[in-house]
Amino acid sequence: MRIGILKADSVLPHLVRFGQYTDMFPDILGHADPDLTFATYDVERGEYPDSIEACDGYLITGSRHSVYDPLPWIPPLEDFVRRLDASETKLLAVCFGHQLVACALGGRTEPAERGWTVGVHCAKIQRPFPWAPPGQDEARLIHSHKDQVTELPRAAELVGGNEACPIGLYRIANHVMSVQAHPEFSTDYARALYETRREAFGETLYRDAVASLDGGTDRLEFADWVSSFFRAP
């Protein structure tokens, strides 16, 4: 199965030792499904597949940008999302992708009143993804964002969230799986990224975020959910 990575940003130059986002996703998803293959499309540069059918499914990465920034590459990406939705092609949306899909399909993303959400947060699963195994009622994942989805698209169903991020996960039918958190982030990468943004966070938030990383995450379990999503009919 071939997954197209719609690359919406690059890792900061001094953090490339952790790999690019286009390395992180194959690494974590490859643990769950070694038979997945990947193609990269740099949407910031206007790169897209010749046809939707070039890949069996797609994923949109995170980005340092906001979906409401006046950047020329964002409207074409929203158009591509609408095409994927219309054709019911599988799409995993992560962080910026989570926010962009919501906006592209009639929802809303705004700056969060609480400011930054960082560190490991536990999303309570209210309506499980139908392709996820039963009995898992939470997902502990790494966050790094100051925007949030505040209104779901009409066709979307809330899957889970918490007080810090109420719309943490949603789905649209069986072809869109969306998560605000970063399952692709390792704790080492998150720790280094947080150090870069320490001044922006403020010392208390920074220290709390770093401390939360010691409790571990459910990123490997979430990768299993993603694999099942792409494999499900």
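Every number in this text was worked out from the coordinates using simple rules, so none of it is lab data. All values reported here derive from a predicted model rather than from experimental measurement. Here Cβ is always computed from backbone atoms with ideal geometry, including for glycine, and neighbour counts include all displayed protein chains.
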Cross-link candidates for Lys90: which lysines have Cα within less than 25 Å, leaving aside residues fewer than 8 places away along the same chain? Lys7, Lys124
Give the average over all directions of the projected area of the C-alpha convex hull of segment 1-84, one decimal, in nm². 6.0 nm²
If R0 = 25 Å, then Gln20 and Arg83, at their Cβ-Cβ distance, give a FRET efficiency to the nearest 0.05 of 0.45
Computed FRET efficiency, Cβ-Cβ of Gln136 and Asp27, R0 22 Å: what is it to the nearest 0.05? 0.50
Taking the Cα centre of the chain as origin, work out the dipole magnitude from +1 charges on Lys and Arg Cβ and -1 charges on Asp and Glu Cβ, in debye rounded to 20. 220 debye
Find the relative contact order for the chain and round it to a whole percent, using C-alpha pairs within less than 8 Å whose residues are 6+ positions apart. 21 percent
Where the centre of each part is set by its Cα atoms, how far does segment 42-104 sit from segment 144-196, in angstrom? 15 Å
Amide N proximity, segment 173-207 versus Arg127 label position 7 Å along Cα-to-Cβ, cut-off under 15 Å: 173-178
Summing -39500 (n - 2.57) over the DSSP H runs of n ≥ 4 in the chain and dividing by its residue number, what mean residue ellipticity at 222 nm do you reach, to the nearest 500 deg cm²/dmol? -9000 deg cm²/dmol
Measure off 7 Å from each Cα along the Cα-to-Cβ vector at Ala211 and Ile52, then give the distance between these two points in nanometres to one decimal. 4.8 nm
How large is log10 of I(q)/I(0) for the chain at q = 0.14, 0.17 Å⁻¹ when the intensity is taken from the Debye formula with one equal scatterer per alpha-carbon? -0.84, -1.33
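May I ask what percent, to the nearest 5, of DSSP beta bridges between residues of the chain are antiparallel?
Taking every DSSP beta bridge with both residues in the chain, the antiparallel ones total about 55 percent.
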